[in-house]
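Encoded as structure tokens, the structure appears first; notes follow it.
The values are calculated or read from the model by the stated rules, or taken from the named source; none is laboratory data. Source: prediction; values computed, not measured. Quick reminder, even Gly has a Cβ in these numbers, built from the backbone with ideal geometry, and neighbours come from all protein chains shown. Note: accessible area is taken over every heavy atom of the protein model, side chains too, but ligands, DNA and RNA are not part of it. Shrake-Rupley method; radii C 1.70, N 1.55, O 1.52, S 1.80 Å.
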Amino acid sequence: MAVTPAQKRAAVDLAAITYTDEVNTATRARDIQAALAKIPAGANGPWTLAWGPGEVAGILAYVARAADKKTYGLAFRGTLGEISAHDFVYNWALNGDTFKQVPWLYPQGADVKVSTGMNRALAYAIMLTDPTTNRHLLDYVRGLIRASGTLRLLVTGHSLGGALAQLASQWLYNRLVEVDKNEEVYITPITFAAPTTGNQQFATLFETTFPTNYALVNTLDVIPRAWADLDGLQHLYPSPGQTVAEFGAGVAALLATFKDSLALAYKPVTRPPTDTFTGWMPQHPDKFEHTLSENHTIAIYKGHVVAETGIA
Amino acid sequence: MPITPAQKCASVDLAALTYSAETNTANREVEIRARLAEIPAKANGPWTMVWGPGEVEGIVAYIALCKDRTTYAMVLGGSAHQIKAHEFIYDWLLNREMFRQVPWRFPSGNAVKVSAGMHEALAYVCMLTDRTTQTGVLDYFRAVVAGNGSLHLLVTGHGLGGALSQLVAQWLRYQFVDLDEQPDINILPLTFGAPTIGNQQFAMLFERTFPTNYALVNTLDIVPMAWWNLDRIQRMYPRPSQSIAEFGVSIAGLLALYKDSLAAAYKPVIAPPPEMFSGWMPSQPNKFEHTMFENHAIATYKEHITLAM
């Protein structure tokens, strides 16, 4: 069963809403609730905040319930400050966490590995609690299953939040289905602009667990090319003014040095094939950084989803 | 109810086993099982491993059950190898995770904060699973409580594992007593050579939650002086050749630079007071690093427990 237009349309709003009040945490829960209430009926809205938002070490997530009262959405925020692709490339290229992969635990074995940084993000996601009940995410979701015998859950996020949505989906499936032995659990991962998180074995595991999953990628966005396709990233925008080398000689050198080893270590999920669109290429040569930031925003992804689904 | 000699004796043996087969992890499970079986009857042995060992990012944990099957132990190891005090200072002084404290959530509120690094270590404990059963720590103990109606648990570790034991004890107790309102939960934290992990509010929360807790500190071990008493580390061992400045000028400089701000941010648990003993001071001037290493070793802590019995 393919992901429906309503699911995609809901997911892009749920993912965008994670960036609400990044700095002003006092008003965040209220403003997230208000934004969820505005999700259109065509996207199973209005939605209501059901758990969270929880935040630990910059990792933020919440669970919302759809108008049908049967569908839930778990949304993860990308990096704090809706990070510019520029910062992303700098931070990650210079961060040892990318170069080290750790064994995957859900389930253990079979040489499945994911990046150290994303594994840490998942550890924090597991640790997250609701600010009122202080309950962990897993315990909240188990409560939903106890109450109704079933769970329909979209798991979504943009950028690093999208990568984390993949890991969290696999973690929840392992806990709720493989370990707890629940039968009526339907988890649908929907990601926007997500970088690759693990090795070939992880990609295969994910594809097997979630024959129904959805990933949307702007072909002009550098982030989804990390870390499997740094080669493509080098040539993404034309000269003059927009090549990586013109952006920063140091970054270009790092990409050239590491692209082959990272391409071996990281393999993207390819089943079902990623849905792609072509974003924004300036008519006149622009700065690499500007082209890159514009093409990574959740707004450009939402624009495509709205146009494609016809749900305003 | 005070901690019993048998509990102390068991804990120091259990904590030591987190260092089993550190490099050859394939043998770790076998080795821990074999050594648990050797824990003497006076420490309620032999013990049996019932969960783990699990490891993520150098954080090692296992759960064991004592001979009479009344008491479980959650045992934590905080570094991939029996860390030398030397590396400890270097790694931590140069690690920004110590300078940042994050809000504590179990329970949340009241300005309780712990070091970002130890908080990350707790996140890894939340993540760990048993290789065979795939069960997480919380779910394992939930099954015990569901089966027995009660849980009697020692939480223990040495060094960073001891610090992590305090966080894990507080986290577990919050889940079972505060959230699940289970009536018969008895959790006892026992630490050996543990550094301080949180602010004054954390220390007070911990003291209130665990009026019965046990910390053993060698007064010649620098690790328990982190991070609230770097001033003492500066003067711990005598000249010649054993002062911190002789060990490393840059480390001495960092200690002097940070000791006041860290002493303001980190406060030790003091109720009940830690049990103290004085370890090993060489009769001849020795190297700072050697004195430091010997005094932090779990063997030194175990020797004290054995003599006290």
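Separation of the stretch B:209-268 and the stretch B:1-48, taken as the distance between their Cα centroids, equals 29 angstrom. Scanning chain A for trypsin sites (Lys or Arg not before Pro) that sit in a DSSP loop and have at most 10 other Cβ atoms within 10 Å, the longest stretch containing none of them is A:182-312.
At q = 0.05, 0.08, 0.10 Å⁻¹, what is the base-10 log of I(q)/I(0) for the protein assembly as shown according to the Debye formula with one equal point scatterer per Cα and no solvent? Please give it to two decimals. Each listed q corresponds, in turn, to -0.24, -0.62, -0.93. Among A:N134, A:N119, A:N24, the largest mean-square fluctuation in a Gaussian network model of chain A (Cα springs under 10 Å) belongs to A:N24. Build a GNM of chain B with springs between Cα atoms under 10 Å apart, and of B:P46, B:P183, B:P268 the one that fluctuates most is B:P183. Computed over the stretch B:152-238, the quotient of the alpha carbon radius of gyration and 2.2 N^0.38 Å is 1.19. Judged by the gyration tensor of its Cα atoms, with axes a ≥ b ≥ c, the stretch B:119-183 is oblate; a/c meets the 1.5 cut and b/c is at least as large as a/b. Between A:D180 and A:T219, the simple spin-label model (points 7 angstrom out along Cα→Cβ) gives 4.2 nm.
Excluding ligands, DNA and RNA, what is the accessible area buried between chains A and B, summed over both sides, using a 1.4 Å probe, to the nearest 100 Å²? Buried surface at the A/B interface: approximately 2200 Å². Neighbouring Cβ atoms from other chains, within 10 Å of the Cβ of residues in B:265-276, number 0 on average. As a fraction of the 1.4 Å probe accessible area of the stretch A:5-309, surface on carbon and sulfur atoms comes out at 55 percent.
Please label the shape of chain A as rounded, prolate or oblate, based on the square roots a ≥ b ≥ c of the eigenvalues of the alpha-carbon gyration tensor (a/c under 1.5 means rounded; beyond that, a/b larger than b/c means prolate, else oblate). It comes out prolate by the Cα gyration axes. The distance from the alpha carbon centre of the stretch A:204-247 to that of the stretch B:188-206 is 46 Å, rounded to a whole number. A straight Cα-to-Cα reach below 29 Å connects A:K38 with the lysines A:K8, A:K69, A:K70, A:K302, residues fewer than 8 places away in its own chain not being considered.
Of all beta bridges that DSSP places with both ends in the stretch A:5-309, some 45 percent have antiparallel geometry. The relative contact order of the stretch A:5-309 comes to 18 percent, based on Cα pairs under 8 Å that sit 6 or more residues apart.
The contact residues of the stretch B:95-136, meaning those that lose at least 40 Å² of 1.4 Å-probe accessible area when all protein chains sit together rather than their chain alone, are B:R105, B:F106, B:H119, B:E120, B:A123, B:Y124, B:C126, B:M127, B:T129, B:Q134.
The mean accessible area for residues of the stretch A:5-309, using a 1.4 Å probe and ignoring ligands and nucleic acids, is 38 Å² per residue.
Relative to the dominant Cα principal axis of chain A, helix A:28-37 is inclined by about 80°. The accessible-area loss of the stretch A:23-69 on complex formation, taken against its chain alone with a 1.4 Å probe, reaches 20 Å² or more at A:E55, A:V56. When chain A is treated as a GNM with alpha-carbon contacts under 10 Å, the residue of A:F192, A:F277, A:F206 showing the greatest mean-square fluctuation is A:F277. Normalised by the number of residues in chain B, the mean separation of alpha-carbon contacts (under 8 Å, six or more apart) gives a relative contact order of 17 percent.
So for the protein assembly as shown: antiparallel DSSP bridges make up what percent, rounded to the nearest 5? For the protein assembly as shown, the DSSP antiparallel bridge percentage is about 45. Looking at the stretch B:33-66, which GluC sites (Glu not before Pro) are DSSP coil and have at most 12 other C-beta atoms within 10 Å of their C-beta? Answer by residue number: B:E38.
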